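The values are calculated or read from the model by the stated rules, or taken from the named source; none is laboratory data. Bear in mind the structure is a predicted one, so any value in this text is a computation, not a measurement. In this analysis, Cβ positions are derived from the backbone assuming ideal geometry, glycine residues included, and neighbour counts consider all displayed protein chains. Keep in mind that these areas ignore ligands, DNA and RNA; they rest on the heavy atoms of the full protein, side chains included. Shrake-Rupley method; radii C 1.70, N 1.55, O 1.52, S 1.80 Å.
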Amino acid sequence: QVQLVESGGGLVQPGGSLELSCAASGIPFNLYTVGWYRQAPGKQRSLVARVTLTGLIDYADAVKGRFTISRDNAKRTVYLQMNGLKPEDTAIYYCFCSQGPGTSWGQGTQVIVSS
């Protein structure tokens, strides 16, 4: 059974930084695309960043140049380093892993950017 456990969310001031982590179990992690979505209040869940099993990376335009995604296959963990945070980055951030048509999700971690 797939399990994804996120950590690292919290409250940060505008311009600050946070690093999210997502530890996976129950899957051959190195064979999956992994990454992060986010959902702000009243909005749909949207892709933040993902990294494929071959290391290809995509970012949402809104976070390019500020966020960095990375994966450590030995630790079965995907990270999201978030710098230059803005109030509009406030959302629940969900880790995901996908292979073919199947996607599994973490429980989400709250990020609040506010002064």
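Taking each residue of the range 96-110 that is polar (S, T, N, Q) and looking for partners that are open to solvent by 40 Å² or more (accessible area, probe 1.4 Å) with beta-carbon atoms closer than 8 Å, six or more apart or interchain, yields Gln99/Leu31; Ser104/Val2; Gln107/Val5; Thr109/Ser7; Thr109/Ile92; Gln110/Ile92. Any residue at all in the range 85-92 that is basic (Lys, Arg), touching a residue at least 60 places away in the same chain (Cβ under 8 Å) and assigned to a loop (DSSP other than H, G, I, E, B)? Within the range 85-92, one or more residues are basic (Lys, Arg), touching a residue at least 60 places away in the same chain (Cβ under 8 Å) and assigned to a loop (DSSP other than H, G, I, E, B).
Report yes if Asp89 is charged (D, E, K, R), open to solvent by less than 40 Å² (accessible area, probe 1.4 Å) and modelled with pLDDT of 95 or more, otherwise no. When the stated conditions are applied, Asp89 passes them.
Of all residue pairs spaced 6 or more apart or on separate chains, those with beta-carbon atoms under 6 Å, a first member in the range 15-32 that is farther than 12 Å from Tyr79 by Cβ and aromatic (Phe, Trp, Tyr) and a second member that is surrounded by 14 or more Cβ atoms within 10 Å (Cβ to Cβ) and at pLDDT 95 or above are Phe29/Asn73; Phe29/Arg76; Tyr32/Cys97. Only one of the numbered conditions (1) within 12 Å of Leu20 (Cβ to Cβ); (2) open to solvent by 50 Å² or more (accessible area, probe 1.4 Å); (3) polar (S, T, N, Q); (4) in contact (Cβ under 8 Å) with a residue 40 or more places away in the chain is not met by Ser114, and that is (1).
Check the range 52-65 and report whether any residue there is acidic (Asp, Glu), farther than 22 Å from Val113 by Cβ and within 13 Å of the chain's Cα centre (by Cα). Checked the range 52-65: at least one residue is acidic (Asp, Glu), farther than 22 Å from Val113 by Cβ and within 13 Å of the chain's Cα centre (by Cα).
Residues in the range 71-86 that are open to solvent by 10 Å² or more (accessible area, probe 1.4 Å) and either at pLDDT below 95 or closer than 18 Å to Pro41 by Cα (or both): Lys86 alone.
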